[in-house]
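**Q** I have a structure here, written as structure tokens, and I will follow up with some questions on it.
The values are calculated or read from the model by the stated rules, or taken from the named source; none is laboratory data. What you see is a predicted model; the values in this text were computed from it and never measured. We place every Cβ from the backbone using ideal geometry, glycine too, and count neighbours over all the protein chains shown. Areas reflect the complete protein model, heavy atoms only, side chains present, ligands, DNA and RNA absent. Shrake-Rupley method; radii C 1.70, N 1.55, O 1.52, S 1.80 Å.
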Amino acid sequence: MSKSASPLLAFVFFLHFSLVISTSHPFPLPLWPLPTRVSYANPISIPISPSFHILTPNLHPSRHLLSAINRYTHLLLSEHFIPFVPPSIPLSPSSPLLSLSISICHPSSPLLPSTNESYTLSISSTSGLASVSADTPWGAIRALETFSQLAWGNPPVIAANIFIADQPIFEHRGLMLDTSRSYFPVKDLKRLIGAMAANKMNVFHWHITDAQSFPIELPSEPELAEKGAYGPEMRYSVEDVRDLVEFALDHGVRIVPEIDSPGHAGSWAGAHPDIITCANMFWLPDGPNNWSTRLASEPGTGQLNPLHPKTYRVLHHIFSDLASLFPDPFLHAGADEIAPSCWSTDPTIRSYLAAGKTLSSLLSTFINSSHLLITSLNRTAIYWEDVLLNAEVNVPGSLLPPSTTILQTWNNGPNNTKLIVSAGYRAIVSSSDFYYLDCGHGDFPGNDSTGGVSWCGPFKTWQMIYDYDILEGIEEEEEARLVLGGEVALWTEQADGEVLDGRVWPRAAAMAEALWSGNRDETGRKRYAEATDRLNGWRERMVWRGIKAEPIQPLWCRKNPGMCNLVK
């Protein structure tokens, strides 16, 4: 939760009063995510001066804030967004808006998990001036996005006589993209991150590698990409990564890298076949009715051998390179979906088990070493919940100190979130019941007589995503504080850059608002109808900005507000 408000107040605010708008009728522009507080009397619009500029008096802006200032100045003067339904805000003969002044309390504050993103924004028609006040540059970047959403038209005009006070409920508002099963060019990743920033999402969880491919070039282990990527043109170079990290910071987005291990590691076998068990074997040797003997949870087999000393030398090289490429204090190490039978194909592991040891003790050996490697690099380790909660193979909590471990939940909805925070761990919520964007598109294995039913169907609609309260079932303040936030996830068995925008947007925007300002109105009721109208308008602007987001209603509904509601 935002560090600028007490956790208890923020918690109560989220559950009961997620939104305060000082008006008797909806604001006539589709702001998204809806700010915490919007105050206006009788809004009018004023022209934006062709010489409009953004000022930072008595402030030396960081390169990231300066980049944002340049970007939003250009956007304000050149976007010329023409809404399908013109806003009902009269144009005032007042002087045009000349400038926006930014003041920041802590201008050198880095972008961290606990960074304060609060801001205030005011626009005056009488002075022709606007002002932003923020605790950090990152709050100022959020304010600039809201400011841009208040403008429209050609020549551009902007809503005036307005005051906005805004801050997020949850500090972690992310999106996970898998770039192993399908490769995404850097331009696609930049477009995704830019759209995330527009929705005030602040964490790009980059699931870089998996069993299918190893697309990132690492200086200490060059053969992993040389032999593990789909091809030379489907790799991320060191220069690509550094460019992407800087681009993300310019947009107020952190990149958290994930190298999945010890499962999902088949793509390592080309470079290091001696440390991979069951590599390149058929994943269901005894057929779909014998799931217990599976070698992987989907096509693409291979797991790291925790008993081979070389495993940890390679892992050390990888983690060290990641720490040098990604400045974020979090490093995601995977640890999901261990297939017991894969490890059992290895003779050394079979001997280990025959001596009375267990697969859980084998995983513990691996996690103990990998966790120490991560923390030695001054990083907090993130693991998928499986490492603690999987019924077949897991590790004791003593190996995962809560001070240096975060668990990401994806199974059993609120139940597993509760289990994680009850054990004292910080949680990132990615429930497949609500937040998996790939669900509902069928399955991909061939000769499937089941009809290709998606394992996590149905399709997660934006309403389903918007409706989910990630604190459901968590009543104690201390446990609520441990829920850092959530991430929508796109696994890419059936997605690539050609369909990326439509798979993600506007559904990810639904989570973005729910975690920023909540999904309830000032009375505590879910605000479905009002949110539908705004999301229609916001999707329209995203498309204008080059994001090919899917429509959520026919245009007739946009022209006839309220007529497409289920309840009058």
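**Q** 5 Å is the cut-off here: which amide hydrogens, built 1.01 Å from N in the peptide plane, fall below it relative to Arg426, excluding neighbours closer than 5 in sequence?
**A** Amide H to amide H, under 5 Å and 5 or more residues apart or across chains, Arg426 pairs with Leu407.
**Q** Report P(r) for segment 179-236: all Cα-Cα distances, bin width 5 Å, range 0 to the bin holding the largest distance, values in whole percent.
**A** Histogramming segment 179-236 at 5 Å steps yields 4, 20, 24, 21, 14, 10, 5, 1 percent.
**Q** Per residue of segment 30-41, in order, report the coupling 6.51 cos²θ - 1.76 cosθ + 1.60 (Karplus, θ = phi - 60°) as ³J(HN,Hα) in whole Hz, putting x for Gly and Pro.
**A** x, 5, 8, x, 4, x, 4, 9, 10, 10, 7, 9
**Q** Counting each DSSP H run of 4 or more residues in the chain as -39500 (n - 2.57), what helix-only mean residue ellipticity at 222 nm follows after dividing by all residues, to the nearest 500 deg cm²/dmol?
**A** Computed mean residue ellipticity for the chain: -9500 deg cm²/dmol.
**Q** On the protein heavy atoms, probe 1.4 angstrom, tell me the percent of accessible surface of segment 385-453 carried by carbon and sulfur.
**A** Of the solvent-accessible surface of segment 385-453, carbon and sulfur hold 52 percent.
**Q** From the C-alpha coordinates alone, can you work out the Kirkwood hydrodynamic radius of segment 130-277, in Å?
**A** 17.5 Å
**Q** Take the Cβ-Cβ distance between Ser99 and Ser39 as r, set R0 to 25 Å, and report the resulting FRET efficiency rounded to the nearest 0.05.
**A** According to the calculation, E is roughly 0.70.
**Q** For helix 309-325, what angle does its Cα long axis make with the longest principal axis of the chain, in degrees from 0 to 90 and rounded to 10?
**A** Helix 309-325 sits roughly 10 degrees off the main axis of the chain.
**Q** What is the projected area of the convex hull of the Cα atoms of the chain, averaged over all directions, in nm²?
**A** Its Cα hull, projected and averaged over all orientations, spans 26.1 nm².
**Q** Which value results when the Cα radius of gyration for segment 29-68 is divided by 2.2 N^0.38 Å?
**A** 1.66
**Q** Karplus couplings for segment 262-274 from phi (6.51 cos²θ - 1.76 cosθ + 1.60, θ = phi - 60°), rounded to Hz, Gly and Pro as x?
**A** Result, ordered by residue: x, x, 6, 10, x, 6, 7, 5, x, 8, 9, x, 6 Hz.
**Q** What net charge is computed for the residues neighbouring Phe214, neighbours being all others with C-beta under 11 Å from the C-beta of Phe214, Lys and Arg scored +1, Asp and Glu -1?
**A** Combined, the nearby Lys, Arg, Asp and Glu give -4.
**Q** Whole-Hz Karplus ³J(HN,Hα) for segment 213-222, in order, using 6.51 cos²θ - 1.76 cosθ + 1.60 and θ = phi - 60°, x for Gly and Pro?
**A** Computed from phi, the couplings for segment 213-222 are 7, 10, x, 9, 7, 10, x, 7, 9, x Hz.
**Q** Find the centroid of the Cα atoms in segment 404-461 and in segment 307-324, then give the distance between the two in whole Å.
**A** Value for the Cα centre distance between the two parts: 29 Å.
**Q** Continuing with this model, one more query. Between rounded, prolate and oblate, where does segment 332-478 land on the alpha carbon gyration tensor, with a ≥ b ≥ c its root eigenvalues, rounded for a/c under 1.5, else prolate if a/b exceeds b/c?
**A** It comes out oblate by the Cα gyration axes.
**Q** Which Cys residues of the chain have no other Cys Cβ less than 4.7 Å away and so no disulfide-compatible partner by this rule?
**A** Cys105
**Q** Along Cα→Cβ, 7 Å out, is where each label goes; now give me the distance between the ones at Glu477 and Thr293 in nm to one decimal.
**A** Each label point lies 7 Å from its Cα, and together they span 5.6 nm.
**Q** Follow-up. Grab the other residues whose beta carbon is less than 13 angstrom from that of Val241, score K and R as +1, D and E as -1, and report the net.
**A** Every neighbour counted, the sum reads -4.
**Q** Using 0.36 nm times the number of residues separating Phe459 and Asp274, minus their current alpha carbon distance, what extension gain do you get?
**A** 62.6 nm
**Q** Multiply the residue gap between Leu372 and Val238 by 0.36 nm, knock off their C-alpha separation, and tell me the result in nm, one decimal place.
**A** Extra length available between Leu372 and Val238 comes to 45.7 nm.
**Q** Summing +1 for each Lys or Arg and -1 for each Asp or Glu, what net charge is found among the other residues whose Cβ lies under 13 Å from the Cβ of Thr409?
**A** Local charge sum for Thr409: -4.
**Q** What's the extension gain from Ala355 to Ser49 if we count 0.36 nm per residue and subtract their Cα-Cα distance?
**A** Once the chain is fully extended between Ala355 and Ser49, it gains 102.3 nm.
**Q** Pairs of lysine in the chain with Cα under 27 Å and at least 8 positions apart or on different chains: total?
**A** 27
**Q** Could you check how much of the accessible area of segment 203-353 is carbon and sulfur, as a whole percent, using a 1.4 Å probe?
**A** Looking at segment 203-353 in its full context, I get 54 percent from C and S.
**Q** Counting other C-beta atoms within 10 Å, and keeping those with at most 15, which DSSP coil trypsin sites (Lys or Arg not before Pro) do you find in segment 434-530?
**A** Here the sparse-neighbourhood loop sites are Arg525.
**Q** What list of whole percents do you get for P(r) of segment 267-405, with Cα-Cα distances grouped in 5 Å bins up to the one holding the largest distance?
**A** 2, 10, 19, 21, 22, 15, 8, 3, 1, 0
**Q** Placing one identical point scatterer on every Cα of segment 106-190 and ignoring solvent, what is log10 I(q)/I(0) from the Debye formula at q = 0.17, 0.21, 0.23, 0.26 Å⁻¹?
**A** Rounded to two decimals, the profile gives -0.85, -1.00, -1.07, -1.20.
**Q** Treating the beta-carbon of each Lys and Arg as +1 and of each Asp and Glu as -1, no other charges, what is the dipole magnitude of the chain about its Cα centre, to the nearest 20 debye?
**A** Roughly 1400 debye for the chain.
**Q** Pull out a ≥ b ≥ c, the square roots of the eigenvalues of the alpha-carbon gyration tensor of segment 483-545, then state rounded if a/c is under 1.5, prolate if not and a/b is larger than b/c, and oblate in the remaining case.
**A** In terms of gyration-tensor shape, oblate.
**Q** Along the Cα→Cβ direction, 7 angstrom out, place labels at Lys187 and Glu522. What is the inter-label distance in nm?
**A** 4.7 nm
**Q** May I ask you to give the average projected area over all directions of the convex hull of the Cα atoms of segment 62-205, in nm² rounded to one decimal?
**A** Hull-based average projected area comes out at 10.3 nm².
**Q** Any chance you could get the radius of gyration and Dmax over the Cα atoms of segment 438-568, in Å?
**A** 17.1, 52
**Q** If you don't mind, there's one more thing I want to ask. Does segment 213-292 come out rounded, prolate or oblate by the C-alpha gyration tensor, with a ≥ b ≥ c the root eigenvalues, rounded set by a/c under 1.5 and, if not, prolate when a/b is larger than b/c and oblate if not?
**A** Because a/c hits 1.5 or more and a/b exceeds b/c, segment 213-292 counts as prolate.
**Q** Normalised by the residues of the chain, what does the relative contact order come to in percent, with Cα pairs under 8 Å and at least six apart?
**A** 16 percent
**Q** Let me ask you something else. Show the residues, 5+ positions off or on another chain, whose built amide H is closer than 5 Å to the amide H of Val85.
**A** So Val85 has HN proximity to no qualifying residue.
**Q** Name the residues whose placed amide hydrogens come within less than 5 Å of the amide hydrogen of Leu55, ignoring near sequence neighbours (fewer than 5 apart) on the same chain.
**A** Long-range HN contacts for Leu55: Leu100, Ser101, Ile102.
**Q** Same structure, new question: For the Cα atoms of the chain, what angle does the longest principal axis make with the long axis of helix 238-250, in degrees from 0 to 90, nearest 10?
**A** The two axes meet at around 40 degrees.
**Q** Whole number please: convex hull volume per residue, Cα atoms of segment 101-149, in Å³.
**A** Output value, Cα hull per residue: 63 Å³.
**Q** Same structure again: Would you mind checking the tilt of helix 507-516 against the longest principal axis of the Cα atoms of the chain, expressed as 0 to 90 degrees and rounded to 10?
**A** Approximately 70 degrees, to the nearest ten.
**Q** Could you sort 41-54, 150-163, 280-293 so that the peptide with the highest average Cβ count within 10 Å comes first and the rest follow in order?
**A** Answer by packing, highest mean first, reads 150-163, 41-54, 280-293.
**Q** Related question: Specify the inter-centroid distance of segment 124-196 and segment 215-278, based on alpha-carbon positions, in whole Å.
**A** Here the answer is 30 Å between Cα centres.
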